[in-house]
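Values in this text are rule-based calculations from the coordinates and carry no lab data. These numbers were taken from a predicted model, which means no experiment stands behind them. Don't worry about glycine lacking a Cβ; one is built from the backbone with ideal geometry, like all the others, and counts go over all protein chains shown.
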Amino acid sequence: MPKIPGVNHLDAVKALKKAGFRILRQGKHIVMSDGVRIVTIPRHNPVNSFTMGGIATPVLAWNNSKNFSDTAPSNKSLNWSANSGLRIARLS
């Protein structure tokens, strides 16, 4: 089975900026927020494609639910972590 190529972390930041996120802080990781959620992106190239999938899936799922209903997801906080240490949290 062929390897899935990784994603440049700067491309991920650009895509999240288009989705309404802004950079809160930078270090070994880039922490971004849209005022509702916090997304942490590892700052190395390439970022593993499965790690990026873990970052993008909850963000896209929340954006799709926001577009189809006026209410936010019912859970107060969504904390999800993987081996890479990424974290997505809902602020409120």
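Step by step: first the residues of segment 37-49, then only those that are within 12 Å of the chain's Cα centre (by Cα) and aliphatic (A, V, I, L, M), then the one that is farthest from V59 (Cα to Cα). Which residue is that?
The selected residue is I41.
Quick one: count up the residues across segment 10-24 that are in a helix (DSSP H, G or I) and not hydrophobic (A, V, I, L, M, F, W, C). Give the derivation first.
So the first thing to find is which residues in segment 10-24 are in a helix (DSSP H, G or I), and the list is 10-18.
Right, trim to not hydrophobic (A, V, I, L, M, F, W, C) and you get 11, 14, 17-18.
Of the residues in that region, 4 qualify.
Taking the residues in segment 31-54 that are touching a Ser or Thr at 6+ places or on another chain (Cβ under 8 Å) and in a helix (DSSP H, G or I) as candidates, determine which candidate is surrounded by the most Cβ atoms within 10 Å (Cβ to Cβ).
T51
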